[in-house]
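Participant: Below is a structure I'd like to ask you about.
Taken together, the values in this text are just the output of simple stated rules run on the coordinates, not laboratory data. The model shown is predicted, which means the values in this text are computed figures rather than measured ones. Please note: Cβ atoms are built from the backbone with ideal geometry, for glycine as well, and neighbour counts cover all protein chains shown.
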Amino acid sequence: MRTKADIQKQIIQAVDEVKKTNPMAGSITNSVTINFVANAQLAVGGSAAMVYLPDEGEFLAKAGGATYINVGTLTPIYGQTLPLTAKTLYENGKPWVLDPVAVGIGSLRTELLRQFKAYKPSVIRGNASEIIALAGLWGLDGGTKASNVRGVDSTDSVIAAKNAAVALARWTGGAVAVSGKTDLITDGFAVVFSHGGSHFMEKITGAGCSLGGVVGVYAAVTSPFIAAVTGTAVYNLAGKRAESKTDGPAGFQLEFLNELYKATAADIAGNPFDVEEV
Ligand SMILES: Nc1ncnc2c1ncn2[C@@H]1O[C@H](COP(=O)(O)OP(=O)(O)OP(=O)(O)O)[C@@H](O)[C@H]1O
Ligand SMILES: Cc1ncsc1CCO
Ligand SMILES: [Mg+2]
């Protein structure tokens, strides 16, 4: 049984380690939010590098502490870059975070996400609809073949994705983070519910993408589960604090980056969460 105190201790260690060592988490991510992902990674104390080409993905997979792969806006070259990078990560035992944005749309996206099953992403991070659809694509419990994904935004509740999240985490041996009003994070045995955030996070693009990049930064220094819990906690904390300082999405995005930067290890560990066993 994981206790709250034990999880909080590991959050503090992870946050301090990132601030001390500035780990590099490379990304292959979408063109909509690429800048916000890099800025969020820097704000929490990590280092960012974004690439598109196959040999460069392979290089970053080996050189980085962890890697973030987001399939939001694919181009044909990704048909080479993503399998090579994911295979390199898997074969070198390197942590990596997958954001299966808009799973279900298009043949290349479907084929790439199908292939990733064998390369066992350390953390799968998505909204509820994406997590349910990925479990369906991989033939796991809790998934549905007829996906509710209609684009990049969720149409399902976080709790509806619990079984899919648990099944995915048991398959990979890593962790799954489902984002929404309350976030759910699981390693297939413990489930954390992380509270906070802001309604403005639905009014800016890339809150989820950048969360994936930040989880990648933490995954360079801690376990997939603690990385996902820590990234989610700092997001919920910074989102809540930023909302109180602004009255619209543009100001929110600016304040949010400042609050990511200002959050201390103790603040992040103190962000409200519940833990249960499954
Ligand atoms: N209504 C809400 N209230 C509080 N926090 C929220 C809300 N919606 C999202 N969040 C927070 O926003 C972050 C990103 O989650 P979200 O579900 O918006 O990701 P996403 O849909 O994948 O985003 P994107 O694809 O635009 O990057 C998480 O930290 C989550 O807790
Ligand atoms: C809006 C959008 N479209 C493709 S990726 C992306 C960023 C949020 O997922
Ligand atoms: Mg998303």
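Participant: Can you give the relative contact order of the stretch 92-204 as a percent, counting alpha carbon pairs under 8 Å and 6+ residues apart? Working shown, then result.
Facilitator: On the way: 226 pairs, mean separation 24.7, N = 113.
Averaging sequence separation for qualifying contacts and normalising by length gives 22 percent for the stretch 92-204.
Participant: Å³ per residue of the Cα convex hull, for the stretch 142-278?
Facilitator: Details: hull volume 14.4 nm³, N = 137.
Cα convex hull per residue, to the nearest whole number: 105 Å³.
Participant: Quick check: net charge around R241, other residues with Cβ under 15 Å of its Cβ, Lys/Arg +1 and Asp/Glu -1? Walk me through the intermediate numbers first.
Facilitator: Values: positive: K240, K245, K262; negative: E243, D247, E255, E259, D267.
Here the count lands on -2.
Participant: Need one number: % antiparallel among DSSP beta bridges in the chain, to the nearest 5. Write out the running numbers ahead of the final one.
Facilitator: Working: 12 of 31 bridges.
Of the beta bridges lying entirely in the chain, close to 40 percent run antiparallel.
Participant: Where in the chain are the DSSP H helices whose C-alpha atoms run 27 Å or more along the long axis and whose mean Kyte hydropathy is at least 0.0?
Facilitator: Details: long enough: 224-243 (28 Å, 0.40).
Counting only whole DSSP H runs, the qualifying helices are 224-243.
Participant: Still on this model: Which residue, T29, T144, T85, tops the fluctuation ranking in a GNM of the chain built on C-alpha contacts under 10 Å?
Facilitator: Most flexible of the set in this elastic network: T144.
Participant: Let me ask something else. Explain nothing, just the number: relative contact order of the stretch 4-277, from Cα pairs under 8 Å at least 6 residues apart, as a whole percent. All intermediate terms of the calculation are to be shown ahead of the outcome.
Facilitator: Numbers: 626 pairs, mean separation 58.1, N = 274.
Computed value for the stretch 4-277: 21 percent relative contact order.
Participant: Further question: For the chain, modelled as a Gaussian network with Cα springs under 10 Å, which listed residue fluctuates most, P76, P121, P249?
Facilitator: Among P76, P121, P249, the largest GNM mean-square fluctuation belongs to P76.
Participant: Moving on. What residue among T81, T21, T186 shows peak mean-square fluctuation when the chain is described by a Gaussian network model with Cα springs under 10 Å?
Facilitator: T21
Participant: Same structure, new question: What Rg and what Dmax come out for the stretch 6-49 when only alpha-carbon atoms are used, in angstroms?
Facilitator: Gyration radius and largest Cα-Cα distance of the stretch 6-49: 12.2, 38 Å.
Participant: Given 0.36 nm per residue, what is the gain on full extension from L108 to A5 after removing their alpha carbon distance, in nm?
Facilitator: Values: separation 103, 0.36 × 103 = 37.08 nm, distance 4.34 nm.
My answer for the length gained is 32.7 nm.
Participant: Another question, if that's okay. Can you pick out the pairs among K19/K262; K4/K181; K9/K120; K94/K145; K145/K203 whose Cα atoms lie more than 19 Å from each other?
Facilitator: On the way: K19/K262 11 Å; K4/K181 21 Å; K9/K120 27 Å; K94/K145 30 Å; K145/K203 29 Å.
K4/K181; K9/K120; K94/K145; K145/K203, as the Cα separations exceed 19 Å there.
Participant: Let me ask you something else. Suppose we take every Cα in the chain and form the convex hull; what volume per residue is that in Å³? Present the calculation step by step, with values, prior to reporting the outcome.
Facilitator: Values: hull volume 28.3 nm³, N = 278.
Convex hull volume per residue, Cα atoms: 102 Å³.
Participant: Provide V152, V44, V32, V234 in ascending order of the number of other Cβ atoms located within 10 Å of each residue's Cβ, fewest first. Don't jump to the answer; show the numbers that get you there.
Facilitator: Values: V152 21, V44 24, V32 16, V234 29.
Fewest-to-most ranking of V152, V44, V32, V234: V32, V152, V44, V234.
Participant: Across 5 Å bins from the origin, how do the percents of Cα pairs in the stretch 47-188 run, short distances first?
Facilitator: All Cα pairs, binned at 5 Å, distribute as 2, 11, 21, 24, 20, 14, 7, 1 percent.
Participant: Lys and Arg at +1, Asp and Glu at -1: add these up for the other residues within a Cβ distance under 11 Å of V278 and post the number.
Facilitator: -1
Participant: Divide by every residue of the chain the summed helix terms, -39500 (n - 2.57) for each DSSP H run of at least 4, and state the resulting mean residue ellipticity at 222 nm, rounded to the nearest 500 deg cm²/dmol. Kindly include the intermediate steps, with their values, before the conclusion.
Facilitator: Numbers: 11 runs with 134 residues, N = 278.
The helix-only estimate for the chain comes to -15000 deg cm²/dmol at 222 nm.
Participant: At a Förster radius of 51 Å, what calculated FRET efficiency corresponds to the Cβ-Cβ distance of D274 and F59, to the nearest 0.05?
Facilitator: Details: r = 41 Å, r/R0 = 0.80.
With R0 = 51 Å, the Cβ-Cβ based efficiency is 0.80.
Participant: Please work out the FRET efficiency for the pair K120 and A250, using the Cβ-Cβ distance as r and a Förster radius of 45 Å; give the result to the nearest 0.05.
Facilitator: Details: r = 39 Å, r/R0 = 0.86.
Efficiency, rounded to the nearest 0.05: 0.70.
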